[in-house]
Amino acid sequence: MDSRERVLSALNHMEPDRVPIDFGSFSGATSMNVSAYKNLLTHLGMEREARVENLLMFTAEIDNDILDMFHVDTKSIKPSIPLAEFNAPEEFMYEQFQVKWLRSTDFTYAPVEGPFQKIANPTLEDLKKFRWPTPTELEDPEKWREKAQRIRQETDRALVARMLPGIVTHAQFMRGFQGWAADLYLNRKFSDALHEKLAELWIETVNTLLPALGENVDIIMFGDDFGLQDQPMLSPRMFHDRIAPLMKQMIGGIKAKTKAKVALHTCGSVYDLIDDFIEIGIDVLNPLQATAKNMGPEKIKEKAGKALALWGGIDTHVVLPKGTQQDVREEVKRKIPILGEGGGYILSADHNILVDVPPENLIAMFEAAVEYGRY
Amino acid sequence: MVNLSEIKEAITQGKPDDAKDLTQRALRGGREADQVLNEALIPVMNEVGEKFGRNEIFFPEMLVAAMAMKDALAVLKPILVSKGIKGTGKAVLGTVQGDLHDIGKNLVGMLFEGAGLEVIDLGIDTPKEEFVKVIRENGPQLLGLSALLTTTMPRMREVISALEQEGLREQVKVIIGGAPVTQEYADEIGADGYAPDAPSAAKKARDLLGVG
């Protein structure tokens, strides 16, 4: 069984030979901070220039030899750039949406000011006046086409295409988190119109990419965070009424054009939204944030395991950064039989690996995944 | 006369304009500012926080309630100040150096204000020297530190050490929070309290200041 078959089998809720392993195929959240990646390479006695795959997350493209070493079954087809080209500035603009990002001391970035954030009560006129990016300014289909074709030839891994983050995340980038939340009640017209505009742009952008990818993609994945640590960011009712219908259009558009599975990355406690995720056509749920409320393996598998394949679950808050290698092995050993029962599970850390995770712990996670992942 | 329950209702419903308007009318009708604060604003924000803790309401509902409370409070403030009525106490808040996340901290700030505290919010990416300086100058009873990243959490310990070195540790209670933070970590670094979410932070603050 090759890697792609292993992944597809798991996604179709059948038990493969072992639990498939992901590392870096979704640069938004299953990858590794570039500085941490450089530390890993040094630890392994390797020297090379890292490539940046996701500027906002400052995550690396994980190279094929590293994926081989850790028995990884997935690979991203998102275009990347050399680190020297980005150079990790203290601040930068996410040009297409005019959002300012600042660097933290650990070389992660956070959005600090969006174009609608300083406006007290933005109007539909403000939305109209904004110079929205075109789909090809957001993604270059030719670069994607070339990379997807090349990687399909180079490896037998399942190919993952990371699409633009979704409508809630972008609305928060552009309006600030608090502005976004307040608008849901106090400026509903603008809130709905912003979500609708973002959904429309997202669909157009994905539509320009899908023909370029053709058969060279197995999973279409995008992130849209709906969870805080202890509950969803908005009420399940409001999600159902105002966000889910737009997402259904977004996902329906993909499904009409490709056989690829659709995976949603959404952090935090999203247990209460799972019925809607299933209803709008999501196939795979990531990252099963281990320390978030109601996201433990037993609970999630029972609630979502039949309809959704699950992806992630290995704790990056406590176990990976602070635990011993033995703790990491125990974490993997405990979760695999629960999440992996009957297939339907891809193992990965529950977020990007940052500089505080010792390389030994990361390696222990991959070794344990192979050891305990056999069906 | 405006019934205090109407003000509470406007806040619960997240209607800033109504909350402000009703508060103004209550004062015009002869209500005392400290009565509106103590019998409407503080208890209703306490209820809102508890509902959030029980997942009966979510972030947006709590935010708009806090915004409504803030607008009502702004009407009361000049009167409270002119009458020399002191609040529950003073709190300094900030996200530690190197960390740019502030959603949780901002919410804690609003609920602290809803609990009657005066809040000095130092924002994100705050160096320990800044905490020391502001605490020395303002003499708050409470310091709230926030970190979202596992990699910036250790800065919390450094702030506490800096306060010890400067002889300021005894005069201020320190509470910490943020997704990766635990009670165990709070104990380890010698913080006075830990709160897993914003409403518990407000409750913890009241407990620590003995204003239950």
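None of the figures in this text is laboratory data; all of them are computed from the coordinates on show. All figures in this text were calculated on a predicted structure; none of them were measured in a lab. Neighbour counts are summed over all protein chains in view; Cβ atoms, including those assigned to glycine, are modelled from backbone coordinates with ideal geometry.
Shielding by partners for peptide B:52-61, expressed as the average number of C-beta atoms from other protein chains within 10 Å of each residue's C-beta, is 6.
Here the 3J(HN,Hα) profile of the stretch A:93-100, calculated from phi with Karplus coefficients 6.51, -1.76 and 1.60 at θ = phi - 60°, is 9, 7, 3, 4, 10, 6, 10, 8 Hz, Gly and Pro shown as x.
Taking the longest Cα principal axis of chain B as reference, the axis of helix B:103-114 is set at about 50 degrees. Candidate membrane-span-like segments in chain A, meaning DSSP H helices with Cα atoms spread over at least 24 Å of their own axis and a Kyte-Doolittle mean of -1.0 or above, are A:188-213, with no membrane implied.
Helix B:59-82 and the longest principal axis of the C-alpha atoms of chain B enclose an angle of approximately 80°.
DSSP finds beta bridges in chain A, and of those with both partners inside it, around 40 percent are antiparallel.
Note down, for the stretch A:171-313, the three equivalent ellipsoid semi-axes (square root of 5 times each alpha carbon gyration tensor eigenvalue), biggest first, whole angstrom. So the three semi-axes of the stretch A:171-313 are 23, 22, 12 Å. For the stretch A:58-111, taking Cα atoms only, Rg and Dmax work out to 14.1, 39 Å respectively. Here's how it looks for A:A309: its modeled amide H is under 5 Å from those of A:V284, A:L285, which are all 5 or more places away or on a different chain. Semi-axis lengths, largest first, of the ellipsoid equivalent to the stretch A:213-277 are 25, 13, 7 Å, with √(5λ) applied to each eigenvalue of the Cα gyration tensor. All other residues whose Cβ lies under 12 angstrom from that of B:E50 are scored, Lys and Arg at +1 and Asp and Glu at -1, for a net of 0. Structure remark: mean-square fluctuation, Gaussian network model of chain B, C-alpha springs under 10 Å; the largest value among B:A66, B:A115, B:A26 belongs to B:A26. Reducing the stretch A:301-375 and the stretch B:101-160 to their Cα centroids gives an inter-centroid distance of 34 Å.
Among the DSSP beta bridges whose two residues both lie in chain B, what percent are antiparallel, rounded to the nearest 5? Of the beta bridges lying entirely in chain B, close to 0 percent run antiparallel. Charges on Cβ only, +1 for Lys and Arg, -1 for Asp and Glu, centred on the Cα centroid of the protein assembly as shown; of B:I11, A:M247, A:P236, which one is farthest towards the dipole's positive end? Value computed over the given set: B:I11.
Against the empirical 2.2 N^0.38 Å (N residues), chain B has a Cα radius of gyration ratio of 1.03. Among the trypsin sites (Lys or Arg not before Pro) found in the stretch B:1-94, those both in a DSSP coil and sparsely packed, with 14 or fewer other Cβ atoms within 10 Å of their Cβ, are B:R54, B:K83, B:K86. Distance from the alpha carbon centroid of the stretch A:146-206 to that of the stretch A:89-140 works out to 13 angstrom.
Calculate the tail of P(r) for the stretch B:4-82: the fraction of all Cα-Cα distances greater than 18 Å, expressed in %. Roughly 33 percent, once rounded to a whole number. Each Lys and Arg Cβ is given +1 and each Asp and Glu Cβ -1; about its Cα centre, chain B then shows a dipole of about 520 debye. The alpha carbon radius of gyration of the stretch B:145-185, expressed as a multiple of 2.2 N^0.38 Å, is 1.18.
Entry note: the stretch A:77-214 has Rg to Rh equal to 1.02, where both radii use alpha-carbon atoms and Rh is the Kirkwood radius.
Using a cut-off of 22 Å between Cα atoms, the listed pairs B:K8/B:K70; A:K143/A:K197; A:K259/A:K333; A:K129/A:K257 include A:K143/A:K197; A:K259/A:K333; A:K129/A:K257 as exceeding that distance. The residue among A:A84, A:A290, A:P359 whose Cα reaches farthest toward the positive pole of the charge dipole of the protein assembly as shown, with charges on the beta-carbon of Lys, Arg, Asp and Glu, is A:A290.
Centroid-to-centroid, using Cα positions, the stretch B:46-90 and the stretch A:1-26 are 50 Å apart. Semi-axes of the equivalent ellipsoid of the stretch B:89-208 are 17, 17, 14 Å, computed as sqrt(5λ) over the eigenvalues of the C-alpha gyration tensor in descending order. About the centre of its Cα atoms, chain A shows a dipole size close to 760 debye [charges on the beta carbon of Lys, Arg (+1) and Asp, Glu (-1) only; nearest 20 debye]. Of all aspartates and glutamates in the structure, the ones whose alpha carbon falls short of 15 Å from that of B:K51, not counting any fewer than 8 places away in one chain, are A:D230, B:E9, B:E61, B:D197. If you run the Gaussian network model on chain A, springs between alpha carbon atoms under 10 Å, then out of A:G323, A:G344, A:G268 the most flexible one is A:G323. Each residue of the stretch A:315-323 was assigned a 3J(HN,Hα) from its phi angle through the Karplus curve 6.51 cos²θ - 1.76 cosθ + 1.60 (θ = phi - 60°); the sequence is 5, 9, 7, 10, 5, 5, x, 10, x Hz, with glycine and proline shown as x. Partner shielding of B:181-187 amounts to 1, given as the average count of beta-carbon atoms from other chains within 10 Å of each residue beta-carbon. Using all pairs of distinct alpha-carbon atoms, the Kirkwood hydrodynamic radius of the stretch A:116-187 works out to 15.2 angstrom.
Among the GluC sites (Glu not before Pro) in the stretch A:26-75, those placed in a DSSP loop whose Cβ has at most 11 other Cβ atoms within 10 Å are A:E47, A:E49. In this structure the amide hydrogen of A:N54, modeled in the peptide plane, comes within under 5 Å of the amide hydrogens of A:T59, none closer than 5 places in sequence on its chain. Quick one: among B:S200, B:S161, B:S82, which has the greatest mean-square fluctuation in a GNM of chain B with alpha-carbon springs under 10 angstrom? The residue with the greatest mean-square fluctuation here is B:S82. Toward the positive end of the charge dipole of the protein assembly as shown, about the Cα centre and with charges on Cβ (Lys, Arg +1; Asp, Glu -1), which of A:Q117, B:L122, A:N39 goes farthest? Most positive-ward Cα: A:Q117. Counts of other chain beta carbons within 10 angstrom of each beta carbon in peptide A:178-191 average 4. Couplings for the stretch A:105-121, taken from phi via the Karplus curve 6.51 cos²θ - 1.76 cosθ + 1.60 with θ = phi - 60°, read 5, 8, 6, 10, 10, 9, x, 10, 7, x, x, 9, 6, 7, 7, 4, 10 Hz in order; Gly and Pro are left as x. Binning all Cα-Cα separations of the protein assembly as shown at 20 Å, short to long from zero, yields these whole-percent fractions: 20, 53, 24, 3, 0.
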